[in-house]
1. Select, from Asp161, Asp224, Asp179, Asp197, the only residue that is in contact with a helix residue (DSSP H, G or I) (Cβ under 8 Å, 6 or more places away or on another chain), among the acidic types (Asp, Glu) and outside the structural domain of Gly104 (by TED's automatic domain parsing).
2. Could you tell me which of the residues Pro139, Pro75, Pro147 is at pLDDT below 95, out of contact with any Leu (no Cβ under 6 Å at 6 or more places or on another chain) and of a type outside the set (Ser, Thr, Tyr)?
3. From the list Met172, Met153, which residue is in contact with a helix residue (DSSP H, G or I) (Cβ under 7 Å, 6 or more places away or on another chain), at pLDDT 95 or above and assigned to a helix (DSSP H, G or I)?
4. Does region 101-145 hold any residues that are within 22 Å of Glu162 (Cα to Cα) and either outside any strand (DSSP E or B) or aromatic (Phe, Trp, Tyr) (or both), and which are they?
5. Considering only region 70-88, how many residues are assigned to a loop (DSSP other than H, G, I, E, B) and crowded, with 18+ Cβ neighbours inside 10 Å?
6. Tell me, please, whether a residue that is surrounded by fewer than 21 Cβ atoms within 10 Å (Cβ to Cβ), within 30 Å of Ala67 (Cβ to Cβ) and in contact with a strand residue (DSSP E or B) (Cβ under 8 Å, 6 or more places away or on another chain) can be found in region 110-128.
7. Considering only region 122-130, I want to know if a residue exists there that is of a type outside the set (A, V, I, L, M) and farther than 20 Å from Ser51 by Cα.
Amino acid sequence: MKEIPLKNAKFFTQLSKNMKKFLLLMMSITAVNLFADGHDSPPMTAHYGFSTSNPAAVVESLQTFMASDCAKEMPARVTLFEPHFNGDNGATHILTFNYQNGKGMDAVRQTFQTCAAAQKFLADGVGVISQEYQALSTPIYAGGTAPEANVYMLWQMKVTDEAKYAAAYKKMMEAQAEDGLASGSYGVNRIMAGGGDGMTHFAYIFGSSMAEMTEALSVSQASDNFKRFAREVESIREIITVDAGYTLIQY
């Protein structure tokens, strides 16, 4: 993965402005006046995929920022993921911000505009990361529990009938739970903005270890419940990619 060189102060300043503009623009576009009609906005997750040749510097920078007073007050759950199996996707890491609603996103946007620690976090990233993608999603179904969500698997999909897919997924997972075949936490999110490759939704599972998660998945996918589900959604769902990786840090 390419590292952005720092050739001179002017170059650094311009890249810093670009990085800040990227993050703040994403937050402002997706948050400001999105639900101005007075209705409560849904929970949402902002996903930022990036590549780096210096992962230790990324982790250190995030840890320093999250230890700051303004970061501790942010109404968001922040997680850094490390994808290990994501095909030709160039991202080596994914940083996510989970919000309860649009007000939380507004508050975090304000933090990045006014907090010195947040500004330093953005500046620190200029020399070591390259943006790969960004997306905003919202859950349409979630279930299960994963006390130690150390690993994940992600199915990026194109779904043409959300209501039918969500109903079939819910029926399948409830049947799996009744049969003792549901493991970890799982769900489906809709892409609200960003993304790519025609993706409209993604399904996910979290588990405590790769061995446990893949073993449970193999048993689950061999079940009659899953086979019925696959037949029901065959005409309305196209799987684009299947990714798997690890959770590095969560706040």
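The values are calculated or read from the model by the stated rules, or taken from the named source; none is laboratory data. The structure presented is a predicted model; accordingly, all values stated were derived computationally and were not measured. Here the Cβ is made from the backbone with ideal geometry for all residues, glycine too, and neighbour counts use every protein chain on show.
1. Asp179
2. Pro147
3. Details: Met153 fails: assigned to a helix (DSSP H, G or I).
The conditions single out Met172.
4. Scanning region 101-145 gives Asn101, Tyr141.
5. Residues that pass the stated criteria total 3.
6. Within region 110-128, one or more residues are surrounded by fewer than 21 Cβ atoms within 10 Å (Cβ to Cβ), within 30 Å of Ala67 (Cβ to Cβ) and in contact with a strand residue (DSSP E or B) (Cβ under 8 Å, 6 or more places away or on another chain).
7. Here is the first cut: in region 122-130, the ones of a type outside the set (A, V, I, L, M) are 124-125, 127, 130.
Subset that is farther than 20 Å from Ser51 by Cα: none.
No, there is no match, as no residue in region 122-130 is of a type outside the set (A, V, I, L, M) and farther than 20 Å from Ser51 by Cα.
Every residue, every condition in (1) under 28 Å from Gly49 (Cβ atoms); (2) surrounded by 15 or more Cβ atoms within 10 Å (Cβ to Cβ); (3) within 24 Å of the chain's Cα centre (by Cα); (4) not aromatic (Phe, Trp, Tyr), yes or no:
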{"residue": "Gly180", "(1), (2), (3), (4)": "no, no, no, yes"}
{"residue": "Met192", "(1), (2), (3), (4)": "yes, yes, yes, yes"}
{"residue": "Tyr204", "(1), (2), (3), (4)": "yes, yes, yes, no"}
{"residue": "Asn225", "(1), (2), (3), (4)": "no, yes, no, yes"}
{"residue": "Phe229", "(1), (2), (3), (4)": "no, yes, no, no"}
{"residue": "Tyr251", "(1), (2), (3), (4)": "yes, yes, yes, no"}
